[in-house]
Amino acid sequence: MEAIFHERQEGSLCAQHCLNNLLQGEYFSPVELSSIAQQLDEEERIRMAEGGVSSEEYRTFLQQPSGNMDDSGYFSIQVISNALKVWGLELILFNSPEYQRLGIDPINERSFICNYKEHWFTVRKLGKQWFNLNSLLMGPELISDTYLALFLAQLQQEGYSIFVVKGDLPDCEADQLLQMIQVQQMQRPKLIGEEPAQSRDERVQKTDLEQALDVNHPFDGTGMLDEDEENFQRALALSRQEIDMEDEEADLRRAIQLSMQGGHRSEFSDSVSQNIPHSSGTSQSESLSSEELRRRRQTYFEKQQQQSQQQGQTPDIHDKPTTSSNALGTDPE
């Protein structure tokens, strides 16, 4: 739709944008429309003076502001109508009895000018397709033939005044191009200012979970200094080492108790295989050595044996943990 001329809203110059979007070019400026408005004001003043310059009506007319334009840039329907007369075009009210008697299908027209609360915009057919050229939109909006009548009816229900543009519009590049091809529009153009407001709403409407994550995890890791990262990894390794050592000592005590009670070796082997890490790269500082494990087993057993002898009990040879290194499933030596 790049070939379609579309002026976006600036200030209150919607009448200028309406005319230029209708004619598909920069045909009118605010200065030219102001000149037409002043000419209309002068013609009205002359008509009012015919009743006497000293009459109350005339003095009241002079004190009133112009009805054809204001300081914001708004122009009346009379200004738009006179501007179109330069191109041999005229306006007919869409729902007037005069037009209704003609019984013309809106699809067979070429363009419409719509007004509501001092806002003007154009709906025009380019090639074989209809477009809403409202200056408040970010770009032209495609209107299907089946939707056109419904669109105009909706505008009337909302209080819009609709005028049919009669006459031959000047040739334009978009009309010639769209006679040969048809365009498709996947998404309706947004209103001016609608997109930034939406992005602001998305930023404001962050969930509580997202806000909590932002507070608890202010860094994503990419901005962390190398030294901080190294210290962080070292602290994690030390905490894992302490946990592993505690688990190994607990497993050792449990294994000896099982052997003293005639427990099944398989149960201990399963416990050791699940809790003792098997990483070949584990250093001596990260886990107990085999010699240290053997020494602790020996000390623990001797203490248990002494207690048994004091109580007059002789431990069974099969329950002797000093010779049952196979309970670990591997030879620690």
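The values are calculated or read from the model by the stated rules, or taken from the named source; none is laboratory data. None of these values were measured; they are calculated from a predicted model. Neighbour counts are summed over all protein chains in view; Cβ atoms, including those assigned to glycine, are modelled from backbone coordinates with ideal geometry. These accessible areas exclude ligands, DNA and RNA; they are computed on the full protein's heavy atoms, side chains included. Shrake-Rupley method; radii C 1.70, N 1.55, O 1.52, S 1.80 Å.
Sorting the segments 120-133, 169-182 by their residues' average number of neighbouring beta-carbon atoms within 10 angstrom, most packed first, yields 120-133, 169-182. Note that segment 136-152 has calculated 3J(HN,Hα) couplings of 7, 8, 5, x, x, 10, 6, 10, 6, 4, 5, 8, 4, 4, 5, 5, 5 Hz, one per residue in order, obtained from phi through the Karplus relation 6.51 cos²θ - 1.76 cosθ + 1.60 (θ = phi - 60°); glycine and proline are x.
Probing with 1.4 Å while keeping every protein chain in the model, the per residue accessible area of segment 31-139 equals 54 Å².
Placing a pseudo-label 7 Å from each Cα along the Cα-to-Cβ vector at Tyr27 and Gln39 gives an inter-label distance of 1.5 nm.
Remark: spin-label model distance Thr146-Gln187 equals 2.4 nm, labels positioned 7 Å along the Cα→Cβ axis. The stretch between Glu194 and Gln298, if pulled fully straight at 0.36 nm per residue, gains 29.5 nm over its current Cα-Cα span. Expressed as a whole percent, the accessible surface of segment 13-81 that belongs to carbon and sulfur atoms is 50, based on a 1.4 Å probe.
Could you tell me which of rounded, prolate or oblate describes segment 88-146, using a ≥ b ≥ c as the square roots of the eigenvalues of the alpha-carbon gyration tensor, with rounded for a/c under 1.5 and, failing that, prolate when a/b is larger than b/c and oblate otherwise? Walk me through the numbers before you get to the answer.
On the way: a/c = 2.11, a/b = 1.30, b/c = 1.63.
Oblate.
The HN-Hα couplings worked out from phi for segment 18-29 by the Karplus form 6.51 cos²θ - 1.76 cosθ + 1.60 (θ = phi - 60°) are 4, 5, 5, 5, 5, 7, 6, x, 7, 8, 10, 10 Hz, whole numbers, x standing for Gly and Pro.
Note that segment 83-100 has calculated 3J(HN,Hα) couplings of 5, 6, 5, 4, 9, x, 10, 9, 10, 10, 5, 4, 9, 6, x, 4, 6, 5 Hz, one per residue in order, obtained from phi through the Karplus relation 6.51 cos²θ - 1.76 cosθ + 1.60 (θ = phi - 60°); glycine and proline are x.
For Leu126, the residues whose amide H sits under 5 Å from its own are Phe131, ignoring neighbours fewer than 5 places away on the same chain, with H placed 1.01 Å from N. Residues whose amide H comes within less than 5 Å of that of Phe75, counting only those at least five positions distant or on another chain, are Ala15 (H built at 1.01 Å from N in the peptide plane).
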